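Each value in this text was obtained by applying a stated rule to the coordinates, not by laboratory testing. Note that the structure is a prediction, hence the values are computed from the model and not measured. Don't worry about glycine lacking a Cβ; one is built from the backbone with ideal geometry, like all the others, and counts go over all protein chains shown.
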């Protein structure tokens, strides 16, 4: 192999692929990045890929190819090197079991790993529809906050993706809170419905980097092989699906409320951050609602206490409801707007947070459900 | 029982000498934590009724063939005798010592009285063992118009006057430094580590001075070229994580800079509840081990509910056919006393940590980080439907009425092949709490 590529293109591609590689690969080759320059046909593309049986990532980079071929090198090392290269064209040549990287006056020689031990990269699953990359990245981030981190409950570590015609719904829950996002997209011809569970972390990583590119994201699905694919203009990623039942969540969403508060999100989040400084990990912040006012309080005699009062619009009986401050902040900071509505019935039943638009109306498409903390006594 | 770490000569200035003016003591501003450790506790209690033995080596130990030293006074320690050493070895080192059988009731009584004395100064007393406690006195200073070191001196005087035994006190801003300080104060002394000097106090010490560093971690650190606390403090966190793993690496980085997040925890002396079971025949069927975990989880959960406790860290202990033993722990998002949840975490740990082919000799489940269950409870989605906890509480009631076997999970009912033949000897090593670490 003998090729020349632009430094920035190569660095971006390697950085993106290396990010999806396992930190501690079960076998060394899975920590590698595969550089594939194809045949010897002059101007063409170099593909940079990584795969660990769970996630795959592939980027094509335009390259001048003098001699085609494939080589497998340590992903971490290659990412560190390409990031540090000066801004000049990069020459990559393979000589026996070593690969040489030359850029300006800098020269690296790295050992390679056997390409024949590297697993076959998965094919892109069948195209099912497309959507705006930026909106997709934001939506996944809004939902991923509620996903579980506890891998003894795999069904809670995923984001459920539901396709129903032109509506795409994403939902995640760790049993303490649930986030749901619904939006319209362009399904492929003949695609009517499907529901799959995608590991939340993988989907969030992929959506973030594809969304950052800003262009259209194409979604592919292969239920048979249990795989989801996402593609941007020159990059593709696949992730294995979770083989688990997602809880039947629709019936858990409250349909009515007796208390409703309108919150100024920046003011309330700042106040929560302040008072929860005295709330130890896992303890609660208390929200005391009375007409026109919200008093936030946390802590107690032993650990120190804090309180702060804010004006709010509140309809309902005076009430004290308590939440884990981190869960509450996760929900408020995931909102796309500066005004939010908090509704609930009693202090021991689920509460709902929804974004409000400039006119004070509920902005459809997103909701964050939060279970309160039951206070003793 | 404190680990004795000698006070390096250049830092003798941290020691509070008897009879000196408190104005000359090290600055104890912000040193809210006291660690108090009785000196050679059992031996000291015996010497109260046998004053003629003072100055002679005295060793308290059982009389059985495989007994170990329970306590040795300082004259005996000069000969190299240590707690937990086999008596046979102690006799070789110090044949002329006086060997006394333990009088456990007397120890318990004095321990209770000493702990009650601590409570006169602050309600924040965390009893670590029969002869050792942490006190958080920061909230009591204004009321008592005093300083932490003065409280330490007062307690030392009271313990000696009321009970005729001595104790050593470490005064520091955080727990593990206070504990190191009391170890250096021994015997019959007090060491104050001023808040501003915690880091310089720690830096020259060996890595084993850090809380949580045992032989194994020390070896891992040595391999990474880290011998002293200073080495650990100066090492990049990434290097520490590489040497000892991610969680421990961050923990050690914090400690090496004198930061210890643990607070003095009052309350339940039960810090953990557990149960374990030794299989009659080493067991290589992971499903059988998983079922045994369910039985143990049921038992631990019932014990926790009976005591009104919940915990958020679940650990399992596994001993393999070759007697290697591992424990693995996982922290839950919220405290629980529900067997289903304990079992889910425990079997997850089992599946992650046991290679399929390995035969298991002993399995144990333990729940740590116990708190009173009356504290606020994070509710879950769907909690208003059937909750496992309600099911288990109903089962508790049925068992209370009709006996242990009245209600059991279905998977524990039918005999499953070879493993279910359990002889009386195969009974779990203890009821929940029997093997509880909290004392």
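Results, tabulated for the structure shown:
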{"read-out": "Base-10 log of normalised Debye intensity for the range A:2-117 (one unit scatterer per alpha-carbon) at q = 0.09, 0.14, 0.23 Å⁻¹", "value": "-0.20, -0.50, -1.42"}
{"read-out": "Where a label projected 7 Å from the Cα of residue B:103 along Cα→Cβ would reach, residues of the range B:15-45 with amide N under 14 Å", "value": "B:42-45"}
{"read-out": "Mean shadow area of the protein assembly as shown, taken as a quarter of the surface of its Cα convex hull (nm²)", "value": "44.0"}
{"read-out": "Two-site FRET efficiency, residue B:56 against residue B:208, from Cβ-Cβ distance with R₀ of 30 Å, rounded to 0.05", "value": "0.40"}
{"read-out": "Packing-based exposure ordering (other Cβ within 10 Å, fewest first) of A:24, B:112", "value": "A:24, B:112"}
{"read-out": "Alpha carbon convex hull of the range B:203-256, volume per residue in cubic angstrom", "value": "58"}
{"read-out": "Estimated FRET transfer efficiency when R0 is 45 angstrom, pair residue A:188-residue B:410 (beta carbons, to 0.05)", "value": "0.45"}
{"read-out": "Stokes-Einstein translational diffusion, chain B - Kirkwood Rh over all Cα pairs, 0.692 mPa s, 37 °C, in µm²/s", "value": "135"}
{"read-out": "Added length on full extension, which subtracts the Cα-Cα distance from 0.36 nm per residue, residue A:255 to residue A:98", "value": "50.1 nm"}
{"read-out": "Kirkwood Rh, Cα atoms: Rg over Rh of the range B:272-413", "value": "0.98"}
{"read-out": "More than 25 Å apart - percent of Cα-Cα pairs taken over chain A", "value": "61"}
{"read-out": "B:67, A:231 arranged by Cβ crowding within 10 Å, fewest neighbours leading", "value": "B:67, A:231"}
{"read-out": "Fewest-first sequence of A:344, A:246 by Cβ atoms within 10 Å of each Cβ", "value": "A:246, A:344"}
{"read-out": "P(r) weight above 27 Å for the range A:126-250, C-alpha pairs, percent", "value": "9"}
{"read-out": "Distance between modelled label sites at residue B:278 and residue A:91, nm, 7 Å Cα→Cβ extension", "value": "7.1"}
{"read-out": "Potential extension, residue A:262-residue A:291 segment - 0.36 nm per residue separation minus Cα distance", "value": "9.3 nm"}
{"read-out": "Paramagnetic label zone (point 7 Å from Cα along Cα-to-C-beta, residue A:66; backbone N under 13 Å) in the range A:102-121", "value": "A:102-103"}
{"read-out": "Inter-probe distance in nm under a simple model that places probes 7 Å from Cα toward Cβ, at residue A:195 and residue A:320", "value": "4.0"}
{"read-out": "Using a Förster distance of 56 Å, the FRET efficiency for residue B:78-residue B:223 (Cβ separation, nearest 0.05)", "value": "0.95"}
{"read-out": "Surface/4 estimate of mean projected area, convex hull on alpha-carbon atoms of the range A:41-181, nm²", "value": "12.4"}
{"read-out": "Net length gained if the chain between residue A:362 and residue A:245 were fully extended (0.36 nm per residue, minus Cα distance)", "value": "39.1 nm"}
{"read-out": "Label point distance in nm, residue A:26-residue B:396, each placed 7 Å from Cα along Cα→Cβ", "value": "4.1"}
{"read-out": "Measure of compaction for the range A:105-180 (Cα Rg per 2.2 N^0.38 Å)", "value": "1.68"}
{"read-out": "Mean-position separation - Cα centroids, the range A:230-282 and the range A:315-334, in angstrom", "value": "12"}
